[in-house]
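Have a look at the structure below before the remarks.
The values are calculated or read from the model by the stated rules, or taken from the named source; none is laboratory data. Here the structure is a predicted model, which means the values were calculated and not measured. All Cβ positions, even for glycine, are placed from backbone atoms using ideal geometry, and neighbour counts span all protein chains on display.
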Amino acid sequence: MALEAVHMPAADATSASPRAPRPVTTESPLVKWLLTAVALAFLAFFLFLPLVAVFAEAFRNGLDAYFAALVEPDALAAIWLTLIVAAISVPLNLVFGLAAAWAIAKHDFKGKSLLLTLIDLPFSVSPVIAGLVFVLLFGAQGYLQPLVAWTGIKIVFAIPGIVLATVFVTLPFVARELIPLMQEQGTGDEEAAVSLGANGWQTFWRVTLPNVKWALLYGVLLCNARAMGEFGAVSVISGKIRGFTNTMPLQIEILYNEYAFSAAFAVSTLLAGLAFVTLGIKAVLEARYAGDIAATGRGRH
Amino acid sequence: MTQALAFKRPSVIPGFGIAFGFTLFYLGAIVLIPLAALILRAAGVGFAEFLTLATDPRVTGALKLSFGASFAAAAINVVFGFLVAWVLVRYDFPGRRLVDAAIDLPFALPTAVAGIALTTLYAPNGWIGSLFTASGPLGFLFGESGLKIAYTPLGIVVALTFVSLPFVVRTVQPVLEEVDIELEQAAATLGANRWQTITRVVLPAIVPALLTGFALALARAVGEYGSVIFIAGNIPYVSEIAPLLIVIRLEEFNYAGATAVAAMMLGISFIMLLVINLIQAWSRRRFGHGA
Amino acid sequence: MPRFRTLALALLVSVGAAMPALAQQTLLNVSYDPTRELYRDYNAAFSKHWQAEGHDAVAVQMSHGGSGAQARTVIDGLDADVVTLALQADIDAIAKATTKIPADWRARLPHNSAPYASTIVFLVRKDNPKGIKDWGDLVKDGVEVITPNPKTSGGARWNYLAAWAYANKAFGNDEAKTKEFVGEIYRHVPVLDTGARGSTTTFVQRGIGDVLLAWENEAFLAIEELGPDQFEIVVPSISILAEPPVALVDGNVDAKGTREVAEAYLNYLYSPEGQTIAAKHFYRPSEPETVTDQALLQRFPDVELVSIDDAQFGGWEKAQPTHFADGGVFDTIFKPAN
């Protein structure tokens, strides 16, 4: 196949940014304009307008009400708990994602598709069930209840349970972002590095990681977004004790059910603020790797 | 690790043992043991009741709706997600970075908020829904009664498209960023027109990523509950999704029944995902470099 | 990676800090959805009362959710001191699945352990454009009814039973006709939300439907919070006496050493102060004569109320499996006609 050579990243050295004007590899302005318009129209219906609706509701009662909703003690407790849970779950899944991607994309073994499918599985489990399985294991009637009683660690209706459920629902993100890209890139770079005398860690840190930085970033961002936004699984396992085991999504539901619509949406806008975190991290990474690009002569991609 | 090596093709790249071992351990602890508990509990209903459940028209109807709507949503996302990724990677336009950053938000918004926001928009009195009612400006396109979006299966597709939107965009985007411009140049030099270059050079390179995105979007949509119940109408046999049946069983304190429906969904999802992953592995061997 | 270490440390400290707060002597009241406002007031009043009696201050933690889901969390180990749920059946389920509540829990407090009651009324749009006066009007052509799913919402079961009580009386105990009438009501339901407040939102915010079947206290609250000039309450000729029960979770209070304060917490619900707070939040007090502000009672319209213990239902022990279990009467309503 002519495509055999498509992704030899080592051959990328001379290519420049894809956005530079390049007549033979881009479309006519009209096509460009049209495609952009269609893409934005799709996003308008399915992304921007829902977001506008959230913000419109949040500010319906004015700025004062907006900020009052955010500094309410129960809301603060929920925000803090959400941050803790995400700060534990995301790094765990990051390490898992890197290990799984390394094993699957850089090596060849039997049963790879099966392993991949097992990694995908948590997505297809309904969130309510994702929470329930841990109740079935660690709850008062659970299969591992004796273990819980013996160690004396509270799992369900406490932080460990919330973390477990969150790790479960966000497990595939980092792995699934990395694997297609790392498979696409092949093993040429790593083989070259190893044959030049690099050990495993050096190869990983200096060759593989820079190659996958964008996929890694997207994986972490998605994982974090979902970890902070997860409702169903957490609602089953949290016990919903106000001010103690309520995460932000649970607090939002409570506010909504109290007819405090604009307060509910106000807390939601904090989660929408994650977009700005994304924006910031991307800018920082781009600036950071701009230096590397100059030093190594490697292209942005 | 000799056992692990027996089924593995030799490679100079180190670290397989530890990476593979950790992957299995973590997957086992977080996913497989809990799911085993689920299956164990579901087995409590016994084979006869499981069969009754699996053939109950209400259950099969809900499963059909859940998987059908999810399939539609994932298909919509493959087409438009690819387009969005393409536009974000290849073109520049005002606000591109902001649009790019907003792509992940459907995950960050709690599903209930998403459901409420979407219902606000797509209900007959909402900004978008009102366009399609009988008296709305676009309603005539859909016959006398207009088009009802919220509280119909169509509304379910809308909600599922929203909650699974980031998958295709975010799996295609990094691969698209890696696609070598030189190859496109080479193709163009060799006389291929732009359409041929894209369909024969670019597309094959991103097909695995597209399939991954499709599989993930499908999987996510099938299990979705929180956003759908606000917009679905939840009428049995019409707009009742399978996860709602699970919740109903739980309300009856019928854990076995709930886990049985969940196990059924899990089984179907597992087979679907496995098939997609096998197709993907095959297409990679066929078109990409045989990893 | 010093930054990571600092973060990890900060996390450990914060998790550690959260633990003693949970371990303090506090009460946990696991309740259902529409009682948020009621218990917010009541908890403040009770803490004051408890301290005035010479005890240490007590903090009451609240957990709200769907009544059935809340019962499940207690079964699965949430250490509630007291449960205040929507249905007797939900507390029965806890008593049955665990040994934490004795089977005869209803007899331990006055009025079958129900310190307050409510009933089901109609919420209609301003000036009642469809002229809805009673249950019979719900099945008229073109009338859309909003009610949540009895399978997922405790409150919705009372709606269903109230309709049943009307039909049972109207058709003189003819079960087939009663069933047909109740089924007809649900065929007028365009959106079957999973919870009571979801239905309120569908009716009020989305403008769907002509009449909302709601708890009396929810209907009053909806008018108060969402638009006094947009909706009206219609009281039907007959309705159900909905008695949300409360119970002490013996197994938990004995393990935690909170029995005394938990018992006092429930008993205080029957005090004049407790009854007045209930009335303030539109719950009908079980001992109305003790309410300190009798004007509060004027707000409750007179209506014929049928109890769940009436012969046509035979108590929750019978009504629950007959009507709401898997394959019960409710499930047959939506079966497509073959």
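Does C:L266 meet the test of being in contact with a helix residue (DSSP H, G or I) (Cβ under 9 Å, 6 or more places away or on another chain), closer than 16 Å to C:T119 by Cα and part of a helix (DSSP H, G or I)?
Criteria not met by C:L266.
A count restricted to segment A:221-267 and to residues that are more than 20 Å from A:A87 (Cβ to Cβ), facing another protein chain (nearest Cβ under 7 Å) and part of a loop (DSSP other than H, G, I, E, B) stands at 5. For A:K112, state whether it is basic (K, R), surrounded by fewer than 24 Cβ atoms within 10 Å (Cβ to Cβ) and more than 25 Å from B:I229 (Cβ to Cβ). Here the answer is yes, as A:K112 does meet what is asked.
Based on what the data block shows, is C:A247 assigned to a strand (DSSP E or B) and farther than 30 Å from C:W135 by Cβ? Talk me through it step by step, then tell me what you get.
Values: assigned to a strand (DSSP E or B): yes; farther than 30 Å from C:W135 by Cβ: yes.
The answer is yes for C:A247.
Screening B:A74, B:A29 for residues that are touching a Ser or Thr at 6+ places or on another chain (Cβ under 7 Å) and not hydroxyl-bearing (S, T, Y) leaves exactly one candidate, B:A74. Of the numbered criteria (1) over 25 Å from the mean Cα position of the chain (by Cα); (2) facing another protein chain (nearest Cβ under 7 Å); (3) closer than 23 Å to B:V163 by Cα, the one A:V54 fails is (1).
Being surrounded by 24 or more Cβ atoms within 10 Å (Cβ to Cβ), at pLDDT below 90 and either out of contact with any Phe, Trp or Tyr (no Cβ under 8 Å at 6 or more places or on another chain) or over 30 Å from A:V125 (Cβ atoms) (or both) is a description that does not apply to A:A227. Here is the figure for segment B:218-238: residues that are among the hydroxyl-bearing types (S, T, Y) and either surrounded by fewer than 24 Cβ atoms within 10 Å (Cβ to Cβ) or within 8 Å of chain A (Cβ to nearest Cβ) (or both) total 2. Note on segment B:71-120: residues that are over 19 Å from A:T36 (Cβ atoms) and of a type outside the set (V, I, T) total 17. Scanning segment B:87-97 for residues that are of a type in the set (A, V, I, L, M, F, W, C), within 7 Å of chain A (Cβ to nearest Cβ) and assigned to a helix (DSSP H, G or I) returns B:V87, B:V89.
Among the residues making up segment A:100-128, a single one is touching a residue at least 60 places away in the same chain (Cβ under 8 Å), more than 17 Å from B:N277 (Cα to Cα) and aliphatic (A, V, I, L, M): A:V128. Taking residues in segment C:282-293 that are at positive phi, and partners anywhere that are polar (S, T, N, Q) and outside any loop (DSSP other than H, G, I, E, B), the pairs with Cβ atoms closer than 8 Å and at least 6 places apart or on different chains are C:F282/C:S118; C:F282/C:N217. Reported count of residues in segment B:246-261, each being facing chain C (nearest Cβ under 7 Å) and aliphatic (A, V, I, L, M), is 3. If you go through segment B:275-287 one residue at a time, do you hit one that is aliphatic (A, V, I, L, M), facing chain A (nearest Cβ under 7 Å), without any contact (Cβ under 8 Å) to a residue 24 or more places away in the chain and touching a Ser or Thr at 6+ places or on another chain (Cβ under 6 Å)? Yes, some residue in segment B:275-287 is aliphatic (A, V, I, L, M), facing chain A (nearest Cβ under 7 Å), without any contact (Cβ under 8 Å) to a residue 24 or more places away in the chain and touching a Ser or Thr at 6+ places or on another chain (Cβ under 6 Å). Would you please name the residue that is modelled with the highest pLDDT, looking only at residues in segment B:107-134 that are facing chain A (nearest Cβ under 7 Å) and within 19 Å of the chain's Cα centre (by Cα)? Restricting to residues being facing chain A (nearest Cβ under 7 Å) and within 19 Å of the chain's Cα centre (by Cα), the top hit is B:L118.
Those residues that are aliphatic (A, V, I, L, M), facing chain A (nearest Cβ under 7 Å) and over 11 Å from A:G97 (Cα atoms), I need them from segment B:16-30; list them, please. Steps first, answer last, please.
Taking segment B:16-30 as the starting set, the residues that turn out to be aliphatic (A, V, I, L, M) are B:18-19, B:24, B:27, B:29-30.
In the following step, the residues that additionally are facing chain A (nearest Cβ under 7 Å) were identified as B:19, B:27, B:30.
If the condition is that a residue be aliphatic (A, V, I, L, M), facing chain A (nearest Cβ under 7 Å) and over 11 Å from A:G97 (Cα atoms), then B:I30 is the only one that fits.
Out of B:A192, B:A217, I need the residue that is assigned to a helix (DSSP H, G or I), of a type in the set (A, V, I, L, M) and farther than 30 Å from C:H188 by Cβ. Which one? Full working, then the answer.
On the way: B:A192 fails: assigned to a helix (DSSP H, G or I).
Going through B:A192, B:A217 in turn, the sole match is B:A217.
Only a single item in (1) among the basic types (K, R); (2) touching a helix residue (DSSP H, G or I) at 6+ places or on another chain (Cβ under 8 Å); (3) farther than 30 Å from A:I241 by Cβ is not met by A:K154, and it is number (3).
Results for (1) touching a Leu at 6+ places or on another chain (Cβ under 6 Å); (2) outside any helix (DSSP H, G or I), shown as yes or no for each residue.
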| site | (1), (2) |
| --- | --- |
| B:S11 | no, yes |
| B:P14 | no, yes |
| B:F22 | no, no |
| B:A36 | no, no |
| B:R58 | no, no |
| B:S70 | yes, no |
| B:A85 | yes, no |
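With respect to A:A86, is the statement that it is assigned to a helix (DSSP H, G or I), at pLDDT 90 or above, surrounded by 16 or more Cβ atoms within 10 Å (Cβ to Cβ) and more than 8 Å from chain B (Cβ to nearest Cβ) true? Against the criterion (assigned to a helix (DSSP H, G or I), at pLDDT 90 or above, surrounded by 16 or more Cβ atoms within 10 Å (Cβ to Cβ) and more than 8 Å from chain B (Cβ to nearest Cβ)), A:A86 qualifies. The set of residues in segment C:79-118 that are in contact with a Lys or Arg (Cβ under 7 Å, 6 or more places away or on another chain), surrounded by fewer than 24 Cβ atoms within 10 Å (Cβ to Cβ) and of a type in the set (S, T, Y) contains only C:S113. Check segment C:185-194 and report whether any residue there is under 18 Å from the mean Cα position of the chain (by Cα) and surrounded by fewer than 24 Cβ atoms within 10 Å (Cβ to Cβ). For segment C:185-194, residues under 18 Å from the mean Cα position of the chain (by Cα) and surrounded by fewer than 24 Cβ atoms within 10 Å (Cβ to Cβ): present. Residues being facing another protein chain (nearest Cβ under 10 Å), touching an Asp or Glu at 6+ places or on another chain (Cβ under 8 Å) and surrounded by 15 or more Cβ atoms within 10 Å (Cβ to Cβ) are entirely absent from segment B:36-49.
Screening segment C:296-311 for residues that are aliphatic (A, V, I, L, M) and part of a loop (DSSP other than H, G, I, E, B) and picking the one that is nearest to C:A162 (Cα to Cα) gives C:I308. Just one of the numbered conditions (1) farther than 21 Å from A:A78 by Cα; (2) at the interface with chain A (Cβ under 10 Å from one of its Cβ atoms) is not true of C:E37: (1).
Could you please let me know if C:K280 is basic (K, R), surrounded by fewer than 18 Cβ atoms within 10 Å (Cβ to Cβ) and closer than 30 Å to C:D79 by Cα? Spell out the reasoning first.
Numbers: basic (K, R): yes; surrounded by fewer than 18 Cβ atoms within 10 Å (Cβ to Cβ): yes; closer than 30 Å to C:D79 by Cα: yes.
Against the criterion (basic (K, R), surrounded by fewer than 18 Cβ atoms within 10 Å (Cβ to Cβ) and closer than 30 Å to C:D79 by Cα), C:K280 qualifies.
For segment B:139-178, a tally of residues being under 30 Å from A:M182 (Cβ atoms) and either surrounded by 21 or more Cβ atoms within 10 Å (Cβ to Cβ) or more than 7 Å from chain A (Cβ to nearest Cβ) (or both) returns 18. Would you be able to say whether some residue in segment C:61-76 is more than 11 Å from chain A (Cβ to nearest Cβ), touching a helix residue (DSSP H, G or I) at 6+ places or on another chain (Cβ under 8 Å), polar (S, T, N, Q) and part of a helix (DSSP H, G or I)? Within segment C:61-76, one or more residues are more than 11 Å from chain A (Cβ to nearest Cβ), touching a helix residue (DSSP H, G or I) at 6+ places or on another chain (Cβ under 8 Å), polar (S, T, N, Q) and part of a helix (DSSP H, G or I). Take B:V238 and decide whether it is aliphatic (A, V, I, L, M), part of a loop (DSSP other than H, G, I, E, B) and in contact (Cβ under 8 Å) with a residue 12 or more places away in the chain. For B:V238, the condition - aliphatic (A, V, I, L, M), part of a loop (DSSP other than H, G, I, E, B) and in contact (Cβ under 8 Å) with a residue 12 or more places away in the chain - is met. Scanning segment A:100-140 for residues that are within 14 Å of chain C (Cβ to nearest Cβ) and in a helix (DSSP H, G or I) gives A:P127, A:V128, A:I129, A:G131, A:L132, A:V133, A:F134, A:V135, A:L136, A:L137, A:F138.
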